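The structure appears right after this line, and notes come after that.
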Amino acid sequence: MIEPQDTPTDQAAPVAPDLDCAPDVVMPEVIHEGDTTIVNIGPSHPSTHGVCRVIVELDGEIVKHAEPVIGHLHRGIEKMAENRTYLQVVPLTDRLDYVGSMYANWAYCRAVERLAGIRVPERAEYIRVIVCELQRIASHMMAIGPAGADTGATSAFMYTFWQRELVVDLFESLCGARLTYNYVRPGGVSFDLPDGWIEKCREFVAQHPAAMLEIDRFLFGNVIFRARTKGIGVLDADDAVSWGASGPVARGSGVDWDLRRDDPYSVYPRFDFSIPVGSNGDVYDRTRVRLWEAIESCRIISQALDGLAEFEPGTIKADGMPRLLAPRPGDAYDHIESARGSLGVYLVSDGSVRPYRMKVRSPAFSNLALLPLVSEGYTLSDLVVILGSLDPVFGEVDR
Amino acid sequence: MDITELREHLCGQYPDLCPLFSIEFGDGVLLVTSDRLHAAARDLKDLGFDRLGMVTAVDYGEEFELVYRLQSREMRAGIFVKTRVPRDEPTIDSVNDLWAAANWQEREVYDMFGIVFDGHPDLRRILLTDDWVGYPLRKDYENPTIIRRPDYL
Amino acid sequence: MTFLWGLLWGLAAVMFIAGGAVIGVWWERKVSARIQMRLGPQQIGPAGVLQMVADVPKLLFKEDIVPDNADKPIFRYAPMAVFAPIAMSVAVIPFWAGWAPLDSTVGMVFYLAFPSIGVLGILLSAWASHNTLATIGGMRAAAQMVSYEVPRSLAVLSVIILAGSLQPTEVMEAWQWWWVPLTFVGFLVYFIASIAEMNRGPFDLPEAESELVAGYFSDYSGFRWAIFMMGEYGALISASLFGAAVFLGGYRWLPGVAGLAVFLVLAMVLITAVMWIKWTFPRLRQDQLMTFCWTVLTPLAIVQVVVAGVVALWL
């Protein structure tokens, strides 16, 4: 039994260890039966998609148990947020999911808006939908390409990255940043769309589905890729629900749950789109669901670009937004469907200018918890493919 | 069952808690005492709340407030279950037997707040190293690497 | 005198492989760039041809890191054990009418036997690294290379049966153009099995970078690493030359120097095809790899041997 321990005040507080006297990394005790090998993958390894360490117990090449060890990228963003004003927290949320920064921006801003009772102008909502659907495409490209790279098809990575590059260029012309956008702000967005951006966006949306179908043909149609991913890492729907999986990981298993439709937020009810759902819950379905979602995102973006014309340019911030927010005491939670699943932010205010507590409900964290379950019994080669298909972004897992 | 029926149902189940049950922004909030948390969670699961979204805690000085976010796919609704545990003895029953998602979520709360979940199969630190001293998200956590911003406001 | 002569030939073979590897790396970077919508090396020399000339000194001057826990003498010399057999195998390839660097009467067997000795070097390096990932890579390499030796040898056997000789130069003299369609299945089996023998994609499991970092040479750096790469490219060049000679006729298509040019072009086409396959296909899994070898390639190779045997009887 682990005793709760208060922070001892008389004891010296821990200091960051310097490298020379850092304690040796201790291997957690893994049940060691018979003729098994313990293999340590990571934290610096080509296919852990960040800094994840996986301790694998292998019987030959069969994974008997895979234990993810996370926290290598833990920066204490939730603690840092308690020490900053509401607006200053927005750049921190960029660093959560660094593959899809717009989502964390948006989820945080929605929680702040709910807490402070801010009404966002509709034009800003449309812009948020557009950038977040573009972000979904960019983020899924970062999941599909590496799915190919994990199985050894490095070329697919370049093809998906080409598409991601186009999205990132759009974002760069929108807000000047390519990775950490800090674009969605409490009360609206930071800049209106620059001249000609809508046309560039339409061009991208027009060519994207064809590029996706090409990838569908040469990656998902490839006989070796199918052999490597079909029936691998099977997650059944009950487990997906029970483990709190969301996003493409849950939808690949046939859990038809998408917050954009099932808990509609922003202006999503105005758009016509479908939610791709897999059936087998294997790596192939999880990855392919992402591909079709990217195509559906194009549909949403086109509709949102059409709808944007109705609103007067420039109305992108809520009226009377104070420089310094000090919401009423209370709490608020809001969640959006990010590329990885339901991303929620829980905020507690004590009436001051800083959040009393911020909690990020990270979909990647919940999805990664599935790794021991879905990788057991498959081979070491499958393990990296399964890990990739859960699409963890460790900025968000570790926070 | 929609959210108002749910409210009536829960008020019948927990008569003493009825005044505390509110519906804010479409999401219900159910306040329970810590010894009844597991029973309430089981009830809610039987009512159709099949997903545990998150478990977190807030440090309110003398007490920690535990916040459980549940979702129901069938009702398209979410609910918060909140309970308080005293700071000097932060112990609560684990809901890991109801939702497997509680496994990592409760480990994180243990890691950050030092709240012990009875019946959790594998209560270890998750984000911090095993030899870490203290619980960082407690308000009284001290660490020389944390630099307080001056109160310039 | 014989010793000096042998030394000279050995140096020539090493230079041939090393030069081929340098050109091969540049060519692979260009081919893969084209496949991946990139440009590849650009900056140094026209079309980046001098890039590898710049890379070789870099590799030479890099620190030679030997892990503390490694079995140091074996760790140091294992790369040579991988490279030497591959360099030796080039000796029996018939480049010219009646001429091979080493015109052995059992050249065909020599060629099949020698590159597979390299697996010992791979196992040594894997084991000496004292690294679980390297060890897994070494085990995979051993299983894979020993298994694929079977269909590969059977495929070559069909040509040996048709020619009725084990001497490469004699096989080339006996070669007829209609052997190409007759042994085409054998050629495909040889080609695929060779890709597996030289640990290239889609059969590069021993060094699968997404799982094993770099497999058996994870812990190598600098020039020892470069020797592994030279061994890999040497195997690619040697297998392509041998395949172009005994299966596709090599220099026999045209007389004189033109014949040699045809031979080299055929080998280049095979090298490019190997690269094309590597950059197109995902990697197989170990069990799929073994299943493919024993249930597809080996039966096909046996059928090819039977066909060649029947035709040889009728000849």
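The set of residues in the stretch C:195-214 being within 12 Å of chain A (Cβ to nearest Cβ) and among the polar types (S, T, N, Q) consists of C:S210 alone.
So which of C:L289, C:L284, C:L248 ends up being in a loop (DSSP other than H, G, I, E, B), within 14 Å of chain A (Cβ to nearest Cβ) and either of a type outside the set (G, A, S) or within 15 Å of the chain's Cα centre (by Cα) (or both)?
Answer to the selection: C:L284.
Does A:Y183 fit the bill of being buried (at least 22 other Cβ atoms within 10 Å of the Cβ) and either away from chain C (no Cβ under 14 Å) or within 16 Å of A:V360 (Cβ to Cβ) (or both)? When the stated conditions are applied, A:Y183 passes them.
Here A:R75, A:R114, A:R95 are screened, and the one residue that is facing chain B (nearest Cβ under 9 Å), surrounded by fewer than 24 Cβ atoms within 10 Å (Cβ to Cβ), in contact (Cβ under 8 Å) with a residue 24 or more places away in the chain and on the phi < 0 side of the Ramachandran plot is A:R114. Of everything in the stretch A:143-172 that is under 21 Å from C:R200 (Cβ atoms) and within 20 Å of the chain's Cα centre (by Cα), the residue that is nearest to the other protein chains (Cβ to nearest Cβ) is A:D150.
When the stretch B:44-66 is limited to residues that are part of a loop (DSSP other than H, G, I, E, B) and not charged (D, E, K, R), the one that is farthest from A:P355 (Cα to Cα) turns out to be B:G48. Kindly establish whether C:A163 is modelled with pLDDT of 85 or more and within 14 Å of chain A (Cβ to nearest Cβ). In short, no.
Just name the residue that is nearest to B:F64 (Cα to Cα) out of those in the stretch B:87-108 that are of a type in the set (A, V, I, L, M, F, W, C) and in a loop (DSSP other than H, G, I, E, B). Per the criteria, the residue is B:V95. The set of residues from the stretch B:111-133 being among the aromatic types (F, W, Y) and more than 8 Å from chain A (Cβ to nearest Cβ) comprises B:F113, B:F117.
Among the residues of the stretch A:250-266, the one identified as surrounded by fewer than 18 Cβ atoms within 10 Å (Cβ to Cβ) and either among the basic types (K, R) or away from chain B (no Cβ under 14 Å) (or both) is A:R261. Just to verify a result, which residue in the stretch C:247-289, among those that are touching a Lys or Arg at 6+ places or on another chain (Cβ under 7 Å) and modelled with pLDDT under 90, is farthest from A:E214 (Cα to Cα)? Within the stretch C:247-289, the match that is farthest from A:E214 (Cα to Cα) is C:G259. Condition test on A:L324, is it of a type in the set (A, V, I, L, M, F, W, C), crowded, with 24+ Cβ neighbours inside 10 Å, at the interface with another protein chain (Cβ under 8 Å from one of its Cβ atoms) and more than 20 Å from the chain's Cα centre (by Cα)? No. Being buried (at least 22 other Cβ atoms within 10 Å of the Cβ) and not in a helix (DSSP H, G or I) is the filter here; which residues of the stretch C:90-130 pass it? The answer is C:I93, C:P94, C:S129. Please verify whether A:L235 is in contact with a Gly (Cβ under 6 Å, 6 or more places away or on another chain) and either under 21 Å from A:T315 (Cα atoms) or at pLDDT 85 or above (or both), treating the condition exactly as stated. So A:L235 passes the test. For the stretch C:136-151, a residue qualifies if it is free of Cβ contacts under 8 Å to residues at least 60 places away in the same chain and of a type outside the set (D, E), and the qualifying residues are C:M139, C:A142, C:M145, C:V146.
For the stretch B:100-117, the count of residues that are within 25 Å of B:H9 (Cα to Cα) and acidic (D, E) is zero.
Does the stretch A:139-151 include one or more residues that are farther than 27 Å from A:R286 by Cβ, in contact (Cβ under 8 Å) with a residue 60 or more places away in the chain and of a type in the set (A, V, I, L, M, F, W, C)? Looking for residues that are farther than 27 Å from A:R286 by Cβ, in contact (Cβ under 8 Å) with a residue 60 or more places away in the chain and of a type in the set (A, V, I, L, M, F, W, C), one finds none in the stretch A:139-151, hence no. When the residues of the stretch A:346-399 are filtered to those that are within 18 Å of A:D285 (Cβ to Cβ) and among the charged types (D, E, K, R), the one that is farthest from the other protein chains (Cβ to nearest Cβ) is A:D391.
Taking the stretch A:253-270 as the range and being without any contact (Cβ under 8 Å) to a residue 60 or more places away in the chain and not β-branched (V, I, T) as the test, the residues that pass are A:S253, A:G254, A:D256, A:W257, A:R261, A:D262, A:P264, A:P269, A:R270. Is it the case that B:L127 is assigned to a loop (DSSP other than H, G, I, E, B) and within 28 Å of A:D239 (Cβ to Cβ)? Yes.
Of all the residues in the stretch B:95-110, those that are of a type outside the set (D, E) and touching a residue at least 40 places away in the same chain (Cβ under 8 Å) number 7.
Condition check ((1) crowded, with 21+ Cβ neighbours inside 10 Å; (2) over 18 Å from A:G71 (Cα atoms); (3) touching a Gly at 6+ places or on another chain (Cβ under 6 Å); (4) without any contact (Cβ under 8 Å) to a residue 60 or more places away in the chain) across all residues:
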position	(1), (2), (3), (4)
B:K45	no, yes, no, yes
B:L52	yes, yes, yes, yes
B:F64	yes, yes, no, yes
B:V67	yes, yes, no, yes
B:F80	no, yes, no, yes
B:M112	yes, no, no, yes
B:D118	no, yes, no, yes
B:P121	no, yes, no, yes
B:W132	no, no, no, yes
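Looking across the stretch A:269-301, the residues that are of a type in the set (G, A, S) and either farther than 30 Å from A:A149 by Cβ or surrounded by fewer than 17 Cβ atoms within 10 Å (Cβ to Cβ) (or both) come down to A:S274, A:S279. Criterion first (crowded, with 19+ Cβ neighbours inside 10 Å and in a helix (DSSP H, G or I)) does A:V89 satisfy it? Considered against the rule, which asks whether it is crowded, with 19+ Cβ neighbours inside 10 Å and in a helix (DSSP H, G or I), A:V89 comes out as yes.
If you go through the stretch B:55-110 and pick out every residue that is within 10 Å of another protein chain (Cβ to nearest Cβ), charged (D, E, K, R) and more than 20 Å from B:A39 (Cα to Cα), you end up with 8. Taking the stretch A:90-112 as the range and being more than 25 Å from A:Q303 (Cα to Cα) and charged (D, E, K, R) as the test, the residues that pass are A:D94, A:R95, A:D97.
When the stretch A:186-196 is filtered for residues that are buried (at least 22 other Cβ atoms within 10 Å of the Cβ) and touching a Phe, Trp or Tyr at 6+ places or on another chain (Cβ under 8 Å), the ones remaining, listed by number, are A:P186, A:V189. Among the residues of the stretch A:327-345, those identified as among the small types (G, A, S) and either at the interface with chain B (Cβ under 8 Å from one of its Cβ atoms) or without any contact (Cβ under 8 Å) to a residue 40 or more places away in the chain (or both) are A:A332, A:S342, A:G344.
The values are calculated or read from the model by the stated rules, or taken from the named source; none is laboratory data. Everything numeric in this text was worked out from a predicted model, so none of it was measured. Glycine also receives a Cβ, built like all others from the backbone with ideal geometry; neighbour counts cover every protein chain displayed.
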